[in-house]
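Peer 1: Mind having a look at this structure? Questions to follow.
The values are calculated or read from the model by the stated rules, or taken from the named source; none is laboratory data. In this text, all values refer to a predicted model and were calculated from it rather than measured experimentally. Note that each Cβ is placed from the backbone with ideal geometry, even for glycine, and that neighbours are counted across all protein chains shown. Each accessible area value is taken on the protein alone, full model and side chains, heavy atoms only, with ligands, DNA and RNA left out. Shrake-Rupley method; radii C 1.70, N 1.55, O 1.52, S 1.80 Å.
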Amino acid sequence: MLRFLLMRIASAVPVLIILSVVTFAIIQAPPGDYADFIRSQLMNQGGASFAQADAQAQIYRHEHGLDKPIVVQYFNWIGGIVTRGDFGYSMFYNKPVADVVGERLPRTLALALVCHLFASVLGIGFGIWAATRQYSWIDSLLSGISFLGMTVPRFLMALIIVYILVFQLNVSEIGSFYSPQFGGAPWSWDKFVDLVKHVWPVVAIATFGGLAYNMRVMRGNLLDTLNAQYVETARAKGLSGGAVVMRHAVPNALHPLVMYQGVVLPYMLTGEIETAIIFALPTVGPAIVGSMAVGDVYVTATFMMVLSATLIVGNIIADMLLALLDPRVRQQGGIH
């Protein structure tokens, strides 16, 4: 198992290198950079003429290496990561990129993992419930919920909830994790409740899509598994319906969902990102959008690399879980 894990990690390195090149090139493709943003700010807010603003922009561009060829900028960036663990300096946030990531990524991962936990537990449970009551009103209701969760865009759900909260319920505290009185307070039950009050829309929306997918896949796979010959044999031996389903059918129906874990973390992250942008929460989503808007290339590139790494890590975890769940995978892959 350790050898298999090391081989997967080694194979992920060239993938990350290729992704870093493609990501950096795509981010740099649109015209303009942060120096252009500074020029526009000097003209619009500072009252400078175009010539004065452009001169300041050129000075800034030269001091920060933005006038160098894109290949040189890439190798400076990737070289700093490999040799010093330096992800660059954020021109927009005026701090190292590592500090920006350290502030926003843990919150994003925590929300994504909570959404994943709810989506997995509820989705698998509802999928089993629907499959064991095929064609009943429960099955029809849960299938309808699954259809809505997989078709309605998350940003649309976020906009609807924001409209209801702000214009119908007069909720003013949107765009933060805590109320002002709990901002710097130590952890307590009241602070946790306040946190839940602020993040429940993001968690609910991001969970809904994953729940719908898990429920749909679990229902379909379990229905196929319940008609398998070994399940019929278990029934013929006199096992109860619950034992047949939970001990024989469900473990085999879980295989596609285990493989889905390879993409679920990036999926939950993107769900959180979409929703957090609408709610303006201080997480990864608004940072990516804000940095792209002003040309803060190192922040955007680093966050995109982090999302790519989560996809690779998720696939490795999925392979490990599948190998533990299915002996045939261990035998085929030579895993011991």
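Peer 1: Nothing charged except the Cβ atoms of Lys and Arg (+1) and of Asp and Glu (-1): what's the magnitude of the dipole of the chain about its Cα centre? Round to the nearest 20 debye.
Peer 2: For the chain, the charge dipole is close to 1080 debye.
Peer 1: Another question, if that's okay. Identify, among L2, A276, F182, the residue whose Cα sits farthest towards the positive end of the charge dipole of the chain, taking +1 on the Cβ of Lys and Arg and -1 on the Cβ of Asp and Glu, with the dipole about the Cα centre.
Peer 2: L2
Peer 1: Which whole-Hz ³J(HN,Hα) couplings does segment 146-162 yield from phi under the Karplus relation 6.51 cos²θ - 1.76 cosθ + 1.60, θ = phi - 60°, glycine and proline marked x?
Peer 2: 4, 4, 5, x, 8, 10, 6, x, 5, 5, 5, 4, 5, 5, 5, 5, 4
Peer 1: Angle between the Cα long axis of helix 297-325 and the longest principal axis of the chain, 0 to 90 degrees, nearest 10?
Peer 2: 20
Peer 1: While we're on this one: How long are the three semi-axes of the equivalent ellipsoid of segment 1-144, in whole Å, if each is the root of 5 times an eigenvalue of the C-alpha gyration tensor, listed from largest down?
Peer 2: 46, 25, 14
Peer 1: Relative contact order, percent, of the chain when contacts are C-alpha pairs under 8 Å separated by at least 6 residues?
Peer 2: Once divided by the residue count of the chain, the mean separation gives 26 percent.
Peer 1: May I pose another question? Given a 1.4 Å probe and every protein chain left where it sits, what share in percent of the accessible area of segment 132-219 is carbon and sulfur?
Peer 2: That fraction is 68 percent.
Peer 1: Tell me, what HN-Hα J-couplings in whole Hz come from the Karplus equation 6.51 cos²θ - 1.76 cosθ + 1.60 at θ = phi - 60° for each residue of segment 223-236, using x for Gly and Pro?
Peer 2: Whole-Hz 3J(HN,Hα) from phi for segment 223-236: 4, 5, 5, 5, 9, 6, 5, 5, 6, 4, 5, 4, 5, 5.
Peer 1: While we're here: Straight-line reach from K95: which aspartates and glutamates have a Cα under 14 Å away, not including same-chain ones fewer than 8 places off?
Peer 2: Within reach: D86, E103, D296.
Peer 1: On average over all directions, what projected area in square nanometres does the chain have, based on the convex hull of its Cα atoms?
Peer 2: 23.4
Peer 1: Here's another thing I want to ask about it. Can you compute the charge dipole magnitude of segment 56-157 about its Cα centre, using +1 on each Lys and Arg Cβ and -1 on each Asp and Glu Cβ, nothing else charged? Give it in debye, rounded to the nearest 20.
Peer 2: My answer is approximately 80 debye.
Peer 1: At what distance in angstrom do the alpha carbon centres of segment 61-87 and segment 137-184 lie from each other?
Peer 2: A separation of 40 Å, based on Cα centres.
Peer 1: Amide H of K95: which non-local residues (sequence gap of 5 or more, or other chain) have their own amide H closer than 5 Å, using H built in the peptide plane?
Peer 2: Close amide H contacts, sequence-distant or interchain: S90.
Peer 1: Counting Lys +1, Arg +1, Asp -1, Glu -1, what net charge surrounds Y60 among other residues with beta carbon under 13 Å of its beta carbon?
Peer 2: -4
Peer 1: Could I ask something else about it? Starting from 0 in steps of 10 Å, tell me what percent of the Cα-Cα pairs of segment 46-125 lands in each bin.
Peer 2: Result returned by the calculation: 14, 27, 24, 19, 10, 5, 1.
Peer 1: Further question on the same structure: Apply the Karplus parameterisation 6.51 cos²θ - 1.76 cosθ + 1.60, with θ equal to phi minus 60°, to every residue of segment 10-16 and state each ³J(HN,Hα) to the nearest whole Hz, in sequence, with x for glycine and proline.
Peer 2: So the Karplus estimates, Gly and Pro as x, are 5, 6, 7, 4, x, 5, 5 Hz.
Peer 1: Could you pull out the longest piece of the chain with no exposed loop trypsin sites (Lys or Arg not before Pro) in it, calling a site exposed if DSSP puts it outside H, G, I, E, B and it has at most 15 other Cβ atoms within 10 Å?
Peer 2: 1-132
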